[in-house]
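FYI, it's all coordinate maths here, none of it is from the lab. Everything quoted here is computed from the prediction, not taken from an experiment. Positions of Cβ are generated from backbone atoms using ideal geometry, with glycine treated the same way; all protein chains shown enter the neighbour counts.
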Amino acid sequence: MFVMDEFIYDFSVNLPRVLVGGRTGVLDHVKKLLIVTETNIVAGCGSGYISLSGVNLTIRHLSDERIIVSGEIRTIELYGNEG
Amino acid sequence: MHYKSVYIEGFDIHRLLSQCLKEGIELRGIKILSNYEFTADVRGSDFPRFSRLVGSKYRLTITKEKGVKPLVLRVLSNRYMIVGFLVFLIIIFMQTLFVSEIRVYGYEKLTEREILECLKDAGLYVGSSRSVDLNRVEIEMYRSLDQLSWIGITFHGGLAEVTVAEGTEPVVPVDKNQPCNIIAAKEGYIEKTIAREGKVAVEKDSFVHVGDVLISGILQIEDKTYSRDPDSVLYRYVHADGEVYARTIHRFICYQDIYDLEKRRTGRSIPGIRLTLGSRTWNSGNVFIPYKTSAYEEKVVLDLLWPFPVEFAINRVSELELFMVERGQEEIQEQANRQVREFIKNNLPESVQILNKSLKFLPEENIIKVIAMIEALEQIGEKRSFIAPEIAETP
């Protein structure tokens, strides 16, 4: 990874960022929530959207532009503003 | 931390969640029950802002309060529980004010029951107050038990530890106003007699048996100037006093082994470890010992009590060969001297002076019989009162 890419990764606060491991997903830079159901969570991150689909999804923690999702995450989708 | 579990009903619940994100209100455990309802935990400090956000658009129900603050409030609201807890604390505190157990150490001739009885009379017993005056108890104990030469009482919580040291049996003194003889308490050859009062009844080098009069308290009156019957024999009775030293003989037999067991290392050994966790110990030396005879050596590497009691040691089991070796004369003599010293220490008083000792060695099949004769100089006089014949005959 180039230095510029690392800068963008670390300091860009308007880009969607998602980290999924096991039954937990961490979504950063969340500005608003668009859909919240047991099977789908869609969050807006300023210049893009993250969509998590799965089963028995719950938001374990919500604060400071970060949400922690628990449940069986099956699909992660990212959308730009254009899409 | 203080949390409130809330149940929210209303349309567009994602909007409320987005507003919470925007306002920095922390929510935990969000469970979406349907498109129109969810439950979550809100911090107590965030709750006023959260309820403002909820406003009249959503219906808010507090289902539960969690955390230390509501728990304390719940406990404090239960008066009976507080009273019960206070009573429990008072009972625990009161228990520490009383003696719950007494342990006695160091007694030999006295029994524990006797000591406990005397302690009870002195004011220290199971159930008595811990604030009892220990000096007074100790003085009472010295008064009631003559054999007691030292007593120490210490408290460890409700446990009273009593340590005693016993002295020799007290000699019952004969009344100074009563006539008495000095008799032999042991048999022996008279060496020296110091008579302060009374008449010496034995000569130097004469042999005396137990009970023989050494210094007599009966003195014949020689001067009969004022006697009505000058031919009659008159006696005067005194309280005999003095010391009589005699050479006493003590015979003592002990045994020794002819052969000594000598251990030699073969050079073969096995290293191992020992691990102790609390009361459980695993030692590799106990699991596998290929040698018939072995020596165990250990070095503790780690010994911790906190945060948990663990001890780790490395050890070595070395093979040994045993040989029977005949003991030398010098070694046997040395051990016999040790045995004699031990015998003197245990059986003769400290004031005794050892004059001579002889050892005789009689070898038997596998042992050596050692006969020791000890010649000692000791004070054998003992006061024994008697009743003067004139007094005894008086009706």
Per-residue Cβ contact counts at 10 Å, fewest first, order B:150, B:306 as B:306, B:150
Per the helix-only model, chain A has a calculated mean residue ellipticity at 222 nm (DSSP H runs of ≥4, -39500 (n - 2.57) each, divided over all residues, rounded to the nearest 500) of -3000 deg cm²/dmol
Scoring chain B by relative contact order with C-alpha pairs under 8 Å, at least six apart, yields a percentage of 13
Using unit Cβ charges (K, R positive; D, E negative) and no other charged atoms, how large, in debye to the nearest 20, is the dipole of region B:101-166 about its Cα centre? 160
Positive end of the dipole of chain A, charges at C-beta (+1 Lys, Arg; -1 Asp, Glu), about the Cα centre: which of A:47, A:20, A:3 has its Cα farthest in that direction? A:20
Set the Förster distance to 35 Å, then compute FRET efficiency between residue B:112 and residue B:385 from the Cβ-Cβ distance, nearest 0.05. 0.50
Only Lys, Arg, Asp and Glu count, each charged at its Cβ (+1, +1, -1, -1), so figure out the dipole size of the protein assembly as shown about its Cα centre, rounded to 20 debye. 3120
Amide H proximity to residue B:198 below 5 Å, modelled H, separation 5+ or other chain, gives B:241
Placing +1 on the Cβ of each Lys and Arg and -1 on the Cβ of each Asp and Glu in the protein assembly as shown, which of B:209, B:91, B:198 has its Cα farthest towards the positive end of the resulting dipole? B:91
As a quick test, which of the pairs B:263/B:299; B:120/B:176; B:292/B:369 have an alpha carbon distance above 27 angstrom in this structure? B:120/B:176; B:292/B:369
So which chymotrypsin sites (Phe, Trp or Tyr not before Pro) in region A:1-31 are both in a DSSP loop and have at most 13 other Cβ atoms within 10 Å of their Cβ? A:2
Ranking B:360, B:66 by Cβ neighbours within 10 Å, fewest first, what do you get? B:360, B:66
Residue-span extension gain [residue B:275 to residue B:100] - 0.36 nm each, minus C-alpha spacing: 59.3 nm
Springs between alpha-carbon atoms under 10 Å, Gaussian network over chain B: tell me which of B:48, B:179, B:271 tops the mean-square fluctuations. B:48
Exposure proxy order (Cβ contacts within 10 Å, fewest to most) of A:27, B:219: B:219, A:27
Summed side-chain charge close to residue B:162 - residues other than residue B:162 whose Cβ falls under 10 Å, Lys, Arg +1, Asp, Glu -1: -2
Give me the dipole magnitude in Debye, nearest 20, for region B:180-244 about the Cα centre, with unit charges on the beta carbon: positive for Lys and Arg, negative for Asp and Glu. 140
Cα gyration tensor category, rounded, prolate or oblate, for the protein assembly as shown with a/c compared to 1.5: oblate
Find out how many positive minus negative residues lie around residue B:290, taking Lys and Arg as positive, Asp and Glu as negative, among other residues whose Cβ is under 10 Å from that of residue B:290. +1
Percent relative contact order of chain A, based on C-alpha pairs within less than 8 angstrom and at least six residues apart? 26
